[in-house]
Amino acid sequence: RRVSSDEGGAAGRQHGTDAGREPLVVMSGVDKHYGALHVLKGIELTVGRGEVLVVIGPSGSGKSTLCRTINRLEGVDGGRITIDGKELPAEGKALAGLRADVGMVFQSFNLFAHKTVLENVTLGPTQVRKVKKADADRRAMELLERVGVGHQAQKYPAQLSGGQQQRVAIARALAMDPKIMLFDEPTSALDPEMINEVLDVMTDLARSGMTMVVVTHEMGFARRAADRVVFMADGEIVEQADPETFFTKPSSARAQDFLSKLL
Ligand code: ADP
Ligand code: MG
């Protein structure tokens, strides 16, 4: 399911749509309300296999809700969402299976405080995927090495820096062998000096061909890693384009306004 390095490289990252990619996540007409508040308004969005989508937009525009509906942390009121051709069931075993296909990394690292770093990473594979402990341990160590915290495996989360904890959270999500990784402002809670170590891991992951949806305010990351930037405002996708086009000539007034305030 990896794209070739050719597709995943700079050339492949220039097109502004999912043209030519097999759809992995398809959202059609997705509606979501919180009481009277209409937070997602008829969202039409396709994420191609191997594609890296960066979602940006003002606070309250529905970015987190969009992520949370993709793995059914939130239900939807209308429309449908399919992952790899399968519609997301509302609940039950099938939901647990599909949810396991979607890795999620949050702003707050959400590691289990009373478990070691290694145990945090092996828990899902052994309990949900029924992987043998020895195999789960081996794979977890590979992933911890990959994100640069292999030497911290026997420590507890509180003994790690925020940046290290977030990298463990990424390894934990990857250990489930997800088809897609969702990142909801993964660096927003980090001290500035730790942001890049997490973005570097995410950039490597993007280059490896992982399908990713990343909500972030890190425009440098968006420019270098995104295939497509999706700009949301008021529960709608207002504009989407390849990063070069989006950052140099955004077409909507709302995106122009949003970008001007970042500078
Ligand atoms: P963003 O991530 O873009 O900041 P969110 O998806 O978190 O936006 O929120 C979109 C809107 O929905 C906001 O107005 C927020 O206050 C509201 N909202 C989010 N979660 C809930 C909830 N569980 N209950 C009620 N309102 C919510
Ligand atoms: Mg949010």
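The values are calculated or read from the model by the stated rules, or taken from the named source; none is laboratory data. Keep in mind that this is a model prediction, so the values were computed, not measured. Cβ sites come from the backbone with ideal geometry, for glycine too, and all protein chains shown count toward neighbours.
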(request) Determine, yes or no, whether GLY62 is in contact with a Gly (Cβ under 7 Å, 6 or more places away or on another chain) and under 30 Å from ASP242 (Cβ atoms). (result) yes
(message) If I ask for residues that are among the polar types (S, T, N, Q), over 27 Å from LEU95 (Cβ atoms) and crowded, with 24+ Cβ neighbours inside 10 Å, which ones from region 142-171 would you list?
(response) GLN165
(request) Might you let me know whether region 101-118 holds any residue that is hydrophobic (A, V, I, L, M, F, W, C), free of Cβ contacts under 8 Å to residues at least 40 places away in the same chain and either closer than 18 Å to VAL30 by Cα or within 16 Å of ligand 2 (Cβ to nearest atom) (or both)? (result) no
(message) Name the single residue that is nearest to GLY97 (Cα to Cα) among those in region 175-195 being out of contact with any helix residue (DSSP H, G or I) (no Cβ under 7 Å at 6 or more places or on another chain) and within 12 Å of ligand 2 (Cβ to nearest atom).
(response) GLU185
(message) Quick check on region 59-108: of everything there that is touching a strand residue (DSSP E or B) at 6+ places or on another chain (Cβ under 9 Å), closer than 24 Å to ALA175 by Cα and of a type in the set (Asp, Glu), which residue is nearest to ligand 1 (Cβ to nearest atom)?
(response) GLU74
(request) Taking VAL198 as the residue in question, decide whether it is in contact with a Gly (Cβ under 7 Å, 6 or more places away or on another chain), at pLDDT 95 or above and within 18 Å of ILE56 (Cβ to Cβ). (result) yes
(message) Looking at the structure I just gave you, is ALA136 in a helix (DSSP H, G or I), over 21 Å from the mean Cα position of the chain (by Cα), farther than 29 Å from LEU24 by Cα and not charged (D, E, K, R)?
(response) no
(message) All but one of (1) more than 15 Å from the chain's Cα centre (by Cα); (2) more than 16 Å from ligand 1 (Cβ to nearest atom) hold for LYS179; state the number of the condition that does not hold.
(response) (1)
(request) Identify the single condition in (1) on the phi > 0 side of the Ramachandran plot; (2) at pLDDT below 95; (3) touching a helix residue (DSSP H, G or I) at 6+ places or on another chain (Cβ under 7 Å) that GLY148 does not satisfy, given that it satisfies every other one. (result) (2)
(message) Please verify whether VAL54 is over 25 Å from SER260 (Cα atoms), surrounded by 24 or more Cβ atoms within 10 Å (Cβ to Cβ) and either within 14 Å of ligand 2 (Cβ to nearest atom) or under 12 Å from the mean Cα position of the chain (by Cα) (or both), treating the condition exactly as stated.
(response) no
